[in-house]
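Engineer: Okay, here's the structure, questions in a sec.
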Amino acid sequence: MRIIDISQAVLGCGVYPGDSAPAFARVKTLAADGYNLTDISMCVHNGTHVDAPCHFVAGGRGMDEVPLDVFYGPCTVADCSGVISAAAIAPVLATCHERLLLKGGCEISREAAEAIAASRVRLVGVEGQSVGNADAPMAVHLVLLNAGIIPLEGLNLSGAEAGAYTLCAFPLNLRGADGSPVRAVLISRP
């Protein structure tokens, strides 16, 4: 078994334009207090994270209401680049698992999001900080989230080849939150 960390490091991670960046503060030290204690502050959409439906959908579920089985199970990693059209995603959707990670500098078009929404996919991940166009991310998010598909954003798939894996990307139990950071890993079996 091989475990591949596909998460960004939280400090120094990708930050969507306008979101607050993670901050780290040592509030107690071994030297002065006999123990170390650290505070962090960050946007729940920094680095590698998942979006809850309530991020864009009025009355949508919060992070704590999304079933945990969405974040664990068989996964397909597919190589993609550029703006993904419905025609380009169709052959991937024909053979992929319920969890689909798109490797490469890609952006899901609205048409591709609609094709994904019509498939059996329950989670779709990208390496960018947004599944959609950075200038207008809402359209793709609305299509996916209204279909019950959870976006997993800010991945680092540089150490993973295209293929089949088991994904483990559990969010924190943040009641009512619109997203959560995750420690995402792929597990491959020889």
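The numbers here are math on the coordinates, done by the rules we state, and not lab data. Given the structure is predicted, the values throughout are model-derived calculations rather than measurements. Reconstructed Cβ throughout: ideal geometry from the backbone, glycine too, with neighbour counts over all protein chains shown.
Engineer: If you scan the stretch 126-138, which residues turn out to be in contact with a Ser or Thr (Cβ under 9 Å, 6 or more places away or on another chain) and either small (Gly, Ala, Ser) or without any contact (Cβ under 8 Å) to a residue 12 or more places away in the chain (or both)? Talk me through it step by step, then tell me what you get.
Structural biologist: Within the stretch 126-138, the subset in contact with a Ser or Thr (Cβ under 9 Å, 6 or more places away or on another chain) is 127, 132-133, 137.
Residues satisfying the conditions are GLY132, PRO137.
Engineer: So which strands (runs of 3 or more DSSP E) are wholly in the stretch 144-190 and hold at least 3 residues that are touching a His at 6+ places or on another chain (Cβ under 7 Å) and over 17 Å from GLY104 (Cα atoms)? Steps first, please.
Structural biologist: Numbers: elements: 150-153, 163-168, 179-181, 185-188.
Strands (runs of 3 or more DSSP E) meeting the threshold: 179-181.
Engineer: Name the pairs: first residue in the stretch 7-19 and within 10 Å of ASN156 (Cα to Cα), second residue among the hydroxyl-bearing types (Ser, Thr, Tyr) and in a loop (DSSP other than H, G, I, E, B), Cβ to Cβ under 7 Å, at least 6 apart or on different chains?
Structural biologist: From residues that are within 10 Å of ASN156 (Cα to Cα), the pairs are SER7/THR48; GLN8/THR48.
Engineer: Looking at the stretch 1-45, which of its residues are charged (D, E, K, R) and within 23 Å of the chain's Cα centre (by Cα)?
Structural biologist: ARG2, ASP5, ASP19
Engineer: Now for a separate question. Restricting attention to the stretch 115-127, which residues are touching a helix residue (DSSP H, G or I) at 6+ places or on another chain (Cβ under 9 Å) and crowded, with 21+ Cβ neighbours inside 10 Å? Full working, then the answer.
Structural biologist: Of all residues in the stretch 115-127, those touching a helix residue (DSSP H, G or I) at 6+ places or on another chain (Cβ under 9 Å) come to 115-124.
Matches in the stretch 115-127: ALA115, ILE116, VAL121, LEU123, VAL124.
Per-residue answers, yes or no, for (1) in a loop (DSSP other than H, G, I, E, B); (2) surrounded by 13 or more Cβ atoms within 10 Å (Cβ to Cβ):
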site: SER7; (1), (2): yes, yes
site: PHE24; (1), (2): no, no
site: ILE40; (1), (2): no, no
site: HIS45; (1), (2): yes, yes
site: ALA113; (1), (2): no, yes
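Engineer: Among the residues of the stretch 86-107, is there at least one that is small (Gly, Ala, Ser) and surrounded by 19 or more Cβ atoms within 10 Å (Cβ to Cβ)? Before the answer, list the steps.
Structural biologist: Taking the stretch 86-107 first, the residues small (Gly, Ala, Ser) are 86-88, 90, 94, 104-105.
Narrowing the set further to residues that are surrounded by 19 or more Cβ atoms within 10 Å (Cβ to Cβ) leaves none.
No, the stretch 86-107 contains no residue that is small (Gly, Ala, Ser) and surrounded by 19 or more Cβ atoms within 10 Å (Cβ to Cβ).
Engineer: Do we find a residue being within 27 Å of ALA162 (Cβ to Cβ) and of a type in the set (Phe, Trp, Tyr) anywhere in the stretch 10-24?
Structural biologist: There is at least one residue in the stretch 10-24 that is within 27 Å of ALA162 (Cβ to Cβ) and of a type in the set (Phe, Trp, Tyr).
Engineer: Looking at (1) polar (S, T, N, Q); (2) out of contact with any strand residue (DSSP E or B) (no Cβ under 6 Å at 6 or more places or on another chain); (3) touching a residue at least 60 places away in the same chain (Cβ under 8 Å), find the lone condition where SER119 falls short.
Structural biologist: (3)
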